[in-house]
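Following: one structure in structure tokens, then a few remarks.
The values are calculated or read from the model by the stated rules, or taken from the named source; none is laboratory data. Quantities reported herein were computed from a predicted structural model and do not represent experimental measurements. Positions of Cβ are generated from backbone atoms using ideal geometry, with glycine treated the same way; all protein chains shown enter the neighbour counts.
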Amino acid sequence: MEKVLEKRFLVTDDMSAAKIGSGSVPVLSSPSLVALMEITSMTWMLPLLDEDQTSVGVEFNLKHLAASELGVTVRIVSKMVENDGRSYAFELEAFDGELLVATATHKRFVVDEKRFMDKLMNR
């Protein structure tokens, strides 16, 4: 299986720092960028999961290097760098055109979806 997945996302007003409240300017917010990177890594894992499994994000470290304006397409590159069958580690990059706008590391755990939700509801 390929160890890299790329996804492209159109930057919309709903993703802006001004709209979600993480800042006042109409540019791609860091929280939205984290979400796009998590989506890409989660998508990378889907073929590896059993029907009753899902993955959850457990750690994220972002360096947001440059702003991206509304209406541009951001390309997220997620590379799996560790896998022990239960936890997966990723290195990520985000590009606005050819410009590197962010780097990150991210970890996800595989969980049984029903057991995970049952545990949450019973705490």
(message) Just to verify a result, which residue in the range 14-38, among those that are in contact with a strand residue (DSSP E or B) (Cβ under 7 Å, 6 or more places away or on another chain) and assigned to a helix (DSSP H, G or I), is surrounded by the most Cβ atoms within 10 Å (Cβ to Cβ)?
(response) MET37
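Name the one entry in PHE116, PHE90, PHE109 that is farther than 20 Å from SER29 by Cα, at pLDDT below 95 and either within 17 Å of the chain's Cα centre (by Cα) or not in a strand (DSSP E or B) (or both).
Details: PHE90 fails: at pLDDT below 95; PHE109 fails: at pLDDT below 95.
Result of the check over PHE116, PHE90, PHE109: PHE116.
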(request) Could you please find all residues in the range 91-115 being over 14 Å from LEU65 (Cβ atoms) and either surrounded by 14 or more Cβ atoms within 10 Å (Cβ to Cβ) or among the basic types (Lys, Arg) (or both)? (result) GLU91, THR105, HIS106, LYS107, ARG108, PHE109, VAL110, VAL111, GLU113, LYS114, ARG115
(request) Give the range 1-41 a look and list any residue that's under 14 Å from SER68 (Cα atoms) and of a type in the set (Lys, Arg), or say none. (result) ARG8
(message) Which numbered condition in (1) farther than 15 Å from LEU5 by Cα; (2) modelled with pLDDT of 95 or more is the only one that MET121 fails?
(response) (2)
